[in-house]
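Participant: My questions will all concern the structure given below.
The values are calculated or read from the model by the stated rules, or taken from the named source; none is laboratory data. Since we're looking at a predicted model, the values are computed, not measured. Because the Cβ atoms are built from the backbone with ideal geometry, glycine has one as well, and the counts that use them run over all protein chains shown. With ligands, DNA and RNA removed, areas are computed over all heavy atoms of the protein, side chains included. Shrake-Rupley method; radii C 1.70, N 1.55, O 1.52, S 1.80 Å.
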Amino acid sequence: MDLSYTPEEEEFRARLREWLARTLPALPPRPSPDDWPGRRAYDLGWQRRLYEAGYAGVHWDATPSVRLIFLEETEKAGAPYVGANFVGLLHAGPTIAAEGTDAQRARWLPPILRGEEVWCQGFSEPEAGSDLAALRTRAWRDGDDYVVSGSKIWTSHAEVADWCELLVRTGPAAPKHRGITWLALPMDAPGITVRPLRTLAGPAEFAEVFLDEVRVPVANRVGDENDGWRVTMVTLSFERGTAFAGEVVACRRVLAELAVEARKNGRWDDPALRRRLGRLNAEFRALWRLTQWNVSAAEASGGVPGAGGSVFKLRYSHARQDLYDAAAEVLGPDCLDLDRPWTPDRLSSLAYTIAAGTSQVQHSIIAERILGLPKGR
């Protein structure tokens, strides 16, 4: 498999670098982590700049290789991450592009690209744990609407979202994977209560969402009724495929900064630490190559990432935790200071073996879909 870039792709890289060099110095200061209205405005403003420059659709319309170049170069340049646009750009948007009707694409995709609307993800539930298909939020038909009741948890950006990609159970008598439907929920609908959840790292990145007989138009269903599990697998393939690519670049940058800090404070003299940083350097280089391989495989199969994304997600989650454990070793007692670099990231890294599918779930996917092993009983 060819992992090199074409001349056209390298030309795209050069144009992007030039635009970033001109644009980034003019950006306003970033708001504080707790200022969610300010973060929403900042993230949407960045998305509008991308739209005006012709880069907004790179996550959907470009080839996977161009998308990877975009993520690599924006991270290297220190450009804003997608932030509050994460679900819309990297989850819901690609899913609607792949599975939605023409009318749905026309309604929802342009506002995401123009930086006008924010999406959140309503998948996880308090009593389902890592077994996503065990969700209990019910939806029943009433004329041209679904009536939805239940609750969701760990809903990213719910307090500032306009829409929610929502999984509901429409076939209670069907096997659990076959009675699920994917809906686009307007977050201003009557009957919705959002309760922010403050994390160990500080900011309220997530929320609980309570749904009390919320009416959702049937026209907001993506895919067929009771076919939501298949649609969800499309969503999760994007989440585990290229959504973390920019973070690999960021981790390699952090690793280089750790080496500089270790030389300054004398911890570089510890050969065990040097070996640890060297191993992490090799690991993140390998993860970047794996990302390129997954992107090339997705390109060959029509643009939707496959089960190889689970291999990446599994290893990356643990490598990120190892990286910030090494950061704690470099910082020494200062690793307990939340105002020091890397300390909040170390706390947030603990969630990576749970978010976007637990490591146990990724092991099962790899065993069954890649290695062809029988399902556990």
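Participant: Under 10 Å, Cα contacts only: if you run a Gaussian network model on the chain, which one of Glu18, Glu73, Glu208 comes out with the highest mean-square fluctuation?
Facilitator: Glu18
Participant: Would you pull out the residues with amide H under 5 Å of Leu197's amide H, same chain only if 5 or more places away, H placed 1.01 Å from N?
Facilitator: Phe206, Ala207, Glu208
Participant: While we're here: For region 119-225, which whole-number percentage of the solvent-accessible area (1.4 Å probe, protein heavy atoms only) is attributable to carbon and sulfur atoms?
Facilitator: The computed percentage sits at 48.
Participant: When the chain is fully extended, how far beyond the present Cα-Cα distance does Val260 get from Asp188, taking 0.36 nm per residue of separation?
Facilitator: Full extension of this stretch gives 21.1 nm more.
Participant: For Lys313, which lysines qualify as cross-link partners when the Cα separation must be under 30 Å and same-chain residues fewer than eight apart are set aside?
Facilitator: The reachable lysines, counting only those whose Cα sits under 30 Å from Lys313, are Lys76, Lys152, Lys176, Lys375.
Participant: Here's a follow-up. Calculate the FRET efficiency for Asp224 and Asp325 from the Cβ-Cβ distance with a Förster distance of 45 Å, rounded to the nearest 0.05.
Facilitator: Working: r = 45 Å, r/R0 = 1.01.
About 0.50, to the nearest 0.05.
Participant: Also: Helix 64-76 versus the longest principal axis of the chain: what is the Cα-based angle in degrees, 0 to 90, to the nearest 10?
Facilitator: 50
Participant: Apply the Kirkwood formula to the chain: the hydrodynamic radius equals the inverse of the mean of 1/r over all pairs of different alpha-carbon atoms; give it in Å with one decimal.
Facilitator: Kirkwood radius, the chain: 21.9 Å.
Participant: If contacts are Cα pairs under 8 angstrom and at least 6 residues apart, what is the relative contact order of the chain in percent? Provide the component values of the computation, followed by the final result.
Facilitator: Details: 607 pairs, mean separation 53.3, N = 377.
Answer for the chain is 14 percent.
Participant: Once you've got the GNM for the chain with C-alpha springs shorter than 10 Å, pick whichever of Ala158, Ala173, Ala133 has the biggest mean-square fluctuation.
Facilitator: Of the options given, Ala173 has the highest mean-square fluctuation.
Participant: If I model a spin label as a point 7 Å beyond the Cα along the Cα-Cβ vector, how far apart are those points for Ser364 and Asp145 in nm?
Facilitator: Spacing of the two 7 Å Cα→Cβ label points: 3.5 nm.
Participant: Please give the FRET efficiency for Glu247 paired with Arg107, using the beta carbon to beta carbon distance and R0 = 25 Å, rounded to the nearest 0.05.
Facilitator: Values: r = 30 Å, r/R0 = 1.22.
Between Glu247 and Arg107 the formula returns 0.25.
Participant: Could you give the distance between the Cα centres of region 143-171 and region 309-344, to the whole Å?
Facilitator: Between the Cα centre of region 143-171 and that of region 309-344, the gap is 33 Å.
Participant: Continuing with this model, one more query. Taking the solvent-accessible surface of protein heavy atoms with a 1.4 Å probe, what is the per residue accessible area of the chain in Å²?
Facilitator: I get 46 Å² per residue for the chain.
Participant: If one takes the longest principal axis of the Cα atoms in the chain, at what angle in degrees, from 0 to 90 and to the nearest 10, does the Cα axis of helix 308-331 lie?
Facilitator: It is inclined by approximately 50 degrees.
Participant: Let me ask something else. Report, by chain and number, residues whose modeled amide H sits under 5 Å from the one on Tyr146, excluding near sequence neighbours (fewer than 5 apart, same chain).
Facilitator: Placed amide hydrogens put Val216, Val218 under 5 Å from Tyr146.
Participant: Quick one: length gained pulling Tyr81 to Asp34 fully straight, 0.36 nm per residue minus the C-alpha distance?
Facilitator: Full extension of this stretch gives 15.3 nm more.
Participant: Here is a follow-up. Based solely on its DSSP helices, what 222 nm [θ] is calculated for the chain when runs of n ≥ 4 H residues each add -39,500 (n - 2.57) and the sum is averaged over all residues, nearest 500 deg cm²/dmol?
Facilitator: -15000 deg cm²/dmol
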